[in-house]
Amino acid sequence: MRKLIAAAGALALAVTMSACSSTSGGTDNAGGDKGATGSEVGVVTWWSAGSEKEGFDALAEVFKKQHPEVKLVKQSESGGGGTNAKQKLAANLAAKNPPDTYQGHAGAELSADIAAGYLEDVSALYDEFKLRDAFPKDLVDRLTVDGKIYSVPSNIHRANVVWANVEVMKKAGLDPNTPPADIKGWIADMEKLKAAGVQYPITVGATWTQLELLETVLISDLGVEKYNGLMDGKTDWAGPEVKTALEDYAKIIEFTDPALYSEDWEPAMKPIIDGKSAYNVMGDWAPPAFDNANMKWGTDYVTFPVPGNQGVFDFLADSFTLPVGAKHPDGTKAWLDTISSKEGQIAFNVAKGSIPSRSDLSEEELSKFSDYQKSAMESFGKDTIVSSIAHGAALPLAATEKMKEALGKFMANKDVAGLQTELAAAAALK
Ligand code: GAL
């Protein structure tokens, strides 16, 4: 039985474009020209490159078709995981300068914005768009705070996936179809790769990707219950189990290329695509990067849950909001309609690699998805679901931001004890 274990759960655009986030995507004003009525929606997002941009563009196409009267103004800020977008957004929200809608994550990440009164309750839209039965109940539960729902999810991603190059694994005599059972076994395989001449058996990029790697090591070494306990205080971040996990994390980091530590996820994935490194841990926004290199899933590259994460789906969902004081609430409503519609969810998720957050798609609609995506849907249906720390499902934004800082420091000083102290302090932030 599927069990969701929730851990915790600008300014107006055309007129004052100076307040808008910089636009680095190509879809700006993608809503067409029929904004004669003055209706528009400014969307703050970080989906500005690669598969993420492709996904947004697909959504923009559906939006144009469904709401031709509303002009779409994409306010994108590059930086995977929303690193830059979130900083700019926080400043705009604090300055009472909200966009019409912004991308957040289902779960704890929006808790501070909700508590600060930045977000409208969009429960009525769930009734109007008939979404209550369209989304899995567990998902709606984790979007709900004190009986109110504050965002509408466009997709579901899985964070604890190893993307592995088959050729490289074979160089070290490793069987791509039989991944190791746990982290210790995985570290042993990395040793083998190194001995076989693979300089960097695994890659990792910027701090948000480091946090994503770390959370999967925590899931493996602590197990689901204790991992969840890290979020509700039942597991001590300063305790011996976390120490062991951090020591494993430190060993894994020894196999990585320091030149990539400030890069986004795509440059960090490139050595896997180019056959230079064996592994990268990343969310399943990665498949289009392999498709674009003409690599076939199951033949040229394989995916498996991080060793020790078998049967666990490390969950995150992108979810869009209606900020209090948004200049174009009607435009926002149109956007929320499209992202939650079947058509919008199919177009977007097929392009992005994620799975729909709607659970009411027909067999025929589901047949449009890739084999990888079908496998992710199957896992989501039967695995134990845990919340991603790196992608806002598990802890408030302040906590994850501080954790990222601590991991960045660790790359320079390799001080495991110091990292543990800082993570423990970060976890307490609201
Ligand atoms: C996540 C987001 C994903 C993807 C990823 C990489 O936080 O939920 O949809 O965009 O960052 O940028």
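Work out the charge dipole of the chain with +1 on the Cβ of Lys and Arg and -1 on the Cβ of Asp and Glu about the Cα centre, then indicate which of 174, 160, 235 is farthest towards its positive end.
Positive-most Cα among the choices belongs to 235.
Starting from the amide H of residue 105, placed 1.01 Å from N in the peptide plane, find each other amide H under 5 Å away whose residue is 5 or more places distant or on another chain.
It is 110, 319, by chain and number.
Roughly speaking, what is the stretch gain from residue 291 to residue 250, that is 0.36 nm per residue apart minus the C-alpha to C-alpha distance, in nm to one decimal?
Numbers: separation 41, 0.36 × 41 = 14.76 nm, distance 3.16 nm.
Result for the pair: 11.6 nm of gain on full extension.
What ³J(HN,Hα) values, in whole Hz, does the Karplus curve 6.51 cos²θ - 1.76 cosθ + 1.60 give for segment 46-61 when θ = phi - 60°, with x put for Gly and Pro?
Each residue of segment 46-61 in turn: 10, 7, 10, 8, x, 5, 6, 5, 4, x, 4, 4, 5, 5, 4, 4 Hz.
Can you give the log10 of the normalised intensity I(q)/I(0) at q = 0.23 Å⁻¹, computed with Debye over equal Cα scatterers of segment 71-193?
-1.40
Using a 1.4 Å probe on the protein heavy atoms, what percent of the accessible area of segment 270-332 belongs to carbon and sulfur?
The nonpolar share, carbon plus sulfur, comes to 52 percent.
Computing the accessible area with a 1.4 Å probe over protein heavy atoms, can you report the carbon and sulfur percentage for segment 133-193?
Ligands and nucleic acids excluded, carbon and sulfur give 48 percent.
Can you work out the Karplus-derived ³J(HN,Hα) for every residue in segment 177-194? Use 6.51 cos²θ - 1.76 cosθ + 1.60 with θ = phi - 60°, whole Hz, and x for glycine or proline.
8, 10, x, x, 7, 8, 5, 4, x, 5, 4, 4, 5, 5, 4, 5, 4, 4
Among 340, 199, 224, pick out the residue whose Cα is farthest towards the positive end of the charge dipole of the chain, where Lys and Arg carry +1 and Asp and Glu carry -1 on C-beta, about the Cα centre.
199
Might you tell me the accessible area per residue for segment 120-235, computed with a 1.4 Å probe and given in Å²?
39
Just how large is the dipole of the chain about the Cα centre, in debye to the nearest 20, putting +1 at every Lys and Arg Cβ and -1 at every Asp and Glu Cβ? Walk me through the numbers before you get to the answer.
Details: 42 positive and 59 negative charges, 54 e Å.
Using only the charged Cβ atoms, the result is roughly 260 debye.
Considering the options 126, 139, 116, tell which one lies farthest towards the positive end of the dipole of segment 110-150, charges being +1 on Lys and Arg and -1 on Asp and Glu at the Cβ, about the Cα centre.
139
List, in order, the whole-Hz ³J(HN,Hα) value for each residue of segment 357-363 obtained from phi through the Karplus relation with A = 6.51, B = -1.76, C = 1.60 and θ = phi - 60°; use x for Gly and Pro.
Calculated HN-Hα couplings, in order: 7, 6, 10, 10, 7, 6, 3 Hz.
If we sort 277-286, 143-152 on the protection proxy, mean other Cβ atoms within 10 Å, highest first, what's the order?
On the way: 277-286: 26.1, 143-152: 17.9.
Top of the packing list down: 277-286, 143-152.
I need two numbers for segment 355-397: Rg to one decimal and Dmax as a whole number, Cα atoms only, in Å.
When restricted to Cα atoms, segment 355-397 yields Rg and Dmax of 12.9, 38 Å.
Just from its helices, what would the mean residue ellipticity at 222 nm be for the chain, if runs of 4 or more DSSP H residues each count -39500 (n - 2.57) and the sum is divided by every residue, rounded to the nearest 500 deg cm²/dmol?
That comes out to -13500 deg cm²/dmol.
Please work out, to two decimal places, the log10 of the ratio I(q)/I(0) at q = 0.15, 0.23 Å⁻¹ from a Debye calculation in which every Cα of segment 40-94 carries one identical scatterer.
The calculated log intensity ratios at q = 0.15, 0.23 Å⁻¹ are -0.46, -0.89.
Pairs 170/296; 64/137; 65/327; 86/382; 74/368; 88/402: which exceed 21 Å Cα-Cα?
Numbers: 170/296 16 Å; 64/137 30 Å; 65/327 23 Å; 86/382 32 Å; 74/368 27 Å; 88/402 17 Å.
Beyond 21 Å between Cα atoms: 64/137; 65/327; 86/382; 74/368.
Excluding residues fewer than 8 places away in the same chain, name every one of the aspartates and glutamates whose C-alpha is closer than 20 Å to that of residue 409.
212, 215, 247, 248, 254, 257, 263, 264, 401, 422
Using mean Cβ contacts within 10 Å as the protection proxy, how do 312-322, 360-370, 263-273 order, highest first? It would help to have the intermediate numbers written out before the result.
Details: 312-322: 26.0, 360-370: 12.5, 263-273: 21.0.
Top to bottom by mean Cβ count within 10 Å: 312-322, 263-273, 360-370.
With a 1.4 Å probe and all protein chains left in place, how much accessible area per residue does segment 277-318 have, in Å²?
Accessible surface, normalised per residue, equals 27 Å².
Take the alpha carbon atoms of segment 281-373, find their radius of gyration, then divide it by 2.2 N^0.38 Å using N residues; give the quotient.
Its radius of gyration relative to the 2.2 N^0.38 Å reference: 1.32.
Rg(Cα) of the chain divided by 2.2 N^0.38 Å?
Working: Rg = 20.8 Å, N = 430, 2.2 N^0.38 = 22.0 Å.
Computed over Cα atoms of the chain, the ratio equals 0.95.
In Å², and per residue, what accessible area does segment 336-407 have when probed at 1.4 Å with the other protein chains present?
32
Charges at C-beta only: +1 for Lys and Arg, -1 for Asp and Glu. How large is the resulting dipole of segment 215-303 about its Cα centre, in Debye rounded to 20?
140
The values are calculated or read from the model by the stated rules, or taken from the named source; none is laboratory data. Note that the structure is a prediction, hence the values are computed from the model and not measured. Please note: Cβ atoms are built from the backbone with ideal geometry, for glycine as well, and neighbour counts cover all protein chains shown. All accessible areas refer to the heavy atoms of the entire protein, side chains included, with ligands and DNA or RNA removed. Shrake-Rupley method; radii C 1.70, N 1.55, O 1.52, S 1.80 Å.
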